[in-house]
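The structure appears below as structure tokens.
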């Protein structure tokens, strides 16, 4: 009995241990918070748009294989088996008769381009450029996703701090409401002041609910951007500082623009597309030049009809008149023979006996083709001009974006510094109002106005803080500093 009790206790202890471990793992999984680096890396690996762009890179690689294949010979084999039924010529005797005959034929052909107006070479060069363009496009997509993730990440941090401010304000007003209730009972303040504070608490409660909803929506937005299915427990680490670690604002807009021209992906994409358009013009011009192709053909056949194996006297018509003697008019006779038929030779023997080959070269010179070659060249030239304009426009857009980002970052910094000064002033004003309200020198309405102004100043500091952080990230992005440091 004691042994059974000890075993039962051990079993319960083991179950309890497993339960504690599982509960701890579950709690740890639910309490995991994502860093900005984890969010960006996860998005780059799982974002749908990035996966689609990766497929474009694979398509470019396949196109290159096709371009390489243009240099290789084309080899084709063919085979056929036919039945001829009814009146047809006997290939053995050459006579027409009603019969059913079978034939098998086989062959192979080889062709290769010797010269094709350099179109194959230019097609391969274009394929290589397309691979480069696809890689740039994939990199651009990853950069865009990283920026979007950073923006969504900072939005969560802003909403977190804003919720914290609203909760603190609500807690303070609730304490103030409790204190005011005591003062009303003591007759120190009128009941109207208590009602004003009660309305303020209700307004604070609405602000907390709105801030909480904004936080949940921002978390949902980032979770969806990361393609997460379990987004209910999703959360991020809120340890972002306000430091300009790379001192990017010490650079001039011109210096940032010059650096961006060297490294920005969108400019490289436009430049590569221009080079692709130039290759398209070269390929189209190749249509004016002659082409030279070499070919080799091999064929053989086999029949299944009886074959002639010899000749014997024609018993039905032993002789035939081939002329006459002029003096005597006597007919000159010749013996007639009839073919003796035997079974067809084995198929492979026929294939060996009937094989034939041909080879040579074919020169094709374009003279007039309905203006198709000329139109192709003109069309490719138009595309080339479009690519030149697109590159020029991309350069102008980059310059405008850099100068705009620099101005926005400087403005965001000034706005944040001004909001800090305003908060300090609002805090001092609130402290003074608090002292006046405590001794009855200020009514509750004016005191609540002071609280509201302080709360707005706190929210503005938070807003300008994360606005500055994001705009600094954008400016660093143009200068070649990645969103996250690997």
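The values are calculated or read from the model by the stated rules, or taken from the named source; none is laboratory data. Nothing here was measured: the structure is a model prediction, and the numbers come from that model. For neighbour counting, all protein chains shown are included, and Cβ atoms are generated from backbone atoms with ideal geometry for every residue, glycine included.
It is to be established whether one or more residues within region 280-288 are surrounded by fewer than 15 Cβ atoms within 10 Å (Cβ to Cβ) and under 60 Å from the mean Cα position of the chain (by Cα).
Our first condition is that a residue be surrounded by fewer than 15 Cβ atoms within 10 Å (Cβ to Cβ); within region 280-288, this holds for 288.
After this cut, where a residue has to be under 60 Å from the mean Cα position of the chain (by Cα) as well, the list is 288.
Within region 280-288 (the criterion being surrounded by fewer than 15 Cβ atoms within 10 Å (Cβ to Cβ) and under 60 Å from the mean Cα position of the chain (by Cα)), the answer is yes, since at least one residue qualifies.
The residue that is farthest from residue 264 (Cα to Cα), among those in region 92-140 that are in contact with a helix residue (DSSP H, G or I) (Cβ under 8 Å, 6 or more places away or on another chain) and part of a loop (DSSP other than H, G, I, E, B), is 116. Please verify whether region 218-232 includes one or more residues that are in contact with a strand residue (DSSP E or B) (Cβ under 8 Å, 6 or more places away or on another chain), at pLDDT 85 or above and not in a helix (DSSP H, G or I). Taking every residue of region 218-232 in turn, none turns out to be in contact with a strand residue (DSSP E or B) (Cβ under 8 Å, 6 or more places away or on another chain), at pLDDT 85 or above and not in a helix (DSSP H, G or I). Which of the residues spanning region 274-292 are in a strand (DSSP E or B) and touching a helix residue (DSSP H, G or I) at 6+ places or on another chain (Cβ under 9 Å)? The one that is in a strand (DSSP E or B) and touching a helix residue (DSSP H, G or I) at 6+ places or on another chain (Cβ under 9 Å): 291.
When residue 295 is tested against (1) in contact (Cβ under 8 Å) with a residue 60 or more places away in the chain; (2) touching a helix residue (DSSP H, G or I) at 6+ places or on another chain (Cβ under 9 Å); (3) farther than 30 Å from residue 395 by Cβ, only condition (2) is not met.
Does residue 359 qualify as being exposed (fewer than 12 other Cβ atoms within 10 Å of the Cβ) and more than 30 Å from residue 454 (Cβ to Cβ)? I'd like the intermediate steps shown before the answer.
On the way: exposed (fewer than 12 other Cβ atoms within 10 Å of the Cβ): yes; more than 30 Å from residue 454 (Cβ to Cβ): yes.
So residue 359 passes the test.
Within region 354-364, does at least one residue satisfy the condition of being without any contact (Cβ under 8 Å) to a residue 60 or more places away in the chain, over 60 Å from the mean Cα position of the chain (by Cα) and assigned to a strand (DSSP E or B)? Scanning region 354-364 turns up no residue that is without any contact (Cβ under 8 Å) to a residue 60 or more places away in the chain, over 60 Å from the mean Cα position of the chain (by Cα) and assigned to a strand (DSSP E or B). The one condition from (1) modelled with pLDDT under 90; (2) in a strand (DSSP E or B) that residue 32 does not meet is (2). Filtering region 31-53 to residues that are surrounded by fewer than 13 Cβ atoms within 10 Å (Cβ to Cβ) and touching a strand residue (DSSP E or B) at 6+ places or on another chain (Cβ under 8 Å) leaves only 33. Restrict the check to region 334-343 and report whether at least one residue is surrounded by 14 or more Cβ atoms within 10 Å (Cβ to Cβ) and within 30 Å of residue 292 (Cβ to Cβ). No, the conditions are met nowhere in region 334-343. Within this structure, residue 341 passes the test of being touching a strand residue (DSSP E or B) at 6+ places or on another chain (Cβ under 8 Å) and in a strand (DSSP E or B).
Note on region 234-257: among residues that are modelled with pLDDT of 75 or more and surrounded by fewer than 12 Cβ atoms within 10 Å (Cβ to Cβ), the one that is nearest to residue 154 (Cα to Cα) is 247. Checked against the criterion of being touching a helix residue (DSSP H, G or I) at 6+ places or on another chain (Cβ under 9 Å), surrounded by 13 or more Cβ atoms within 10 Å (Cβ to Cβ), assigned to a helix (DSSP H, G or I) and free of Cβ contacts under 8 Å to residues at least 40 places away in the same chain, the candidates 410, 388, 436 yield just one match: 436. Within region 317-344, the residues that satisfy the criterion of being free of Cβ contacts under 8 Å to residues at least 40 places away in the same chain and closer than 24 Å to residue 88 by Cβ are 338, 340, 342, 343. Within region 308-331, the residues that satisfy the criterion of being farther than 30 Å from residue 79 by Cβ and surrounded by 11 or more Cβ atoms within 10 Å (Cβ to Cβ) are 311, 313, 314, 318, 319, 320, 324, 331.
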